[in-house]
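Asks: Below you'll find the structure I mean.
The values are calculated or read from the model by the stated rules, or taken from the named source; none is laboratory data. Source: prediction; values computed, not measured. Cβ placement follows ideal geometry from the backbone for every residue including glycine, while neighbour counts extend to all protein chains displayed.
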């Protein structure tokens, strides 16, 4: 399994970040790596729900939520011929008003390693951008006196 990851420390509590992170259909409002997210089974994040995700330089993919642990984690996966992609989004409570963010993206399946190596630079760039974007929006929502 080939895996990419990005991490950030956010000056905001988990409870302020989770509503932004779990509102999948509005990700295009805060990160340039998402053009559009279409909810196929309802907008609320829940296991089994599917979302068609449109990103720059990537074919649209249907992602299915596999697990949700509010307010700290959700995981989803998408499949294409010979490849299973899994993305994990984790918020970890740190000091008061501080949250650790870890975004990871893995490739598995017969062609997963090949696809992962071919697209790895783009995937890492998107993870880094998404982590920085979520950090920026969450901290901005805390105001200038955020801890």
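Asks: Please enumerate the residues belonging to the stretch 13-52 that are under 18 Å from residue 129 (Cα atoms), in a loop (DSSP other than H, G, I, E, B) and either in contact with a strand residue (DSSP E or B) (Cβ under 7 Å, 6 or more places away or on another chain) or free of Cβ contacts under 8 Å to residues at least 24 places away in the same chain (or both).
Replies: Within the stretch 13-52, 22, 23, 33, 34, 35 qualify.
Asks: Quick check on the stretch 1-15. Is at least one of its residues over 17 Å from residue 124 (Cα atoms), at pLDDT 95 or above, buried (at least 16 other Cβ atoms within 10 Å of the Cβ) and out of contact with any helix residue (DSSP H, G or I) (no Cβ under 6 Å at 6 or more places or on another chain)?
Replies: For the stretch 1-15, residues over 17 Å from residue 124 (Cα atoms), at pLDDT 95 or above, buried (at least 16 other Cβ atoms within 10 Å of the Cβ) and out of contact with any helix residue (DSSP H, G or I) (no Cβ under 6 Å at 6 or more places or on another chain): present.
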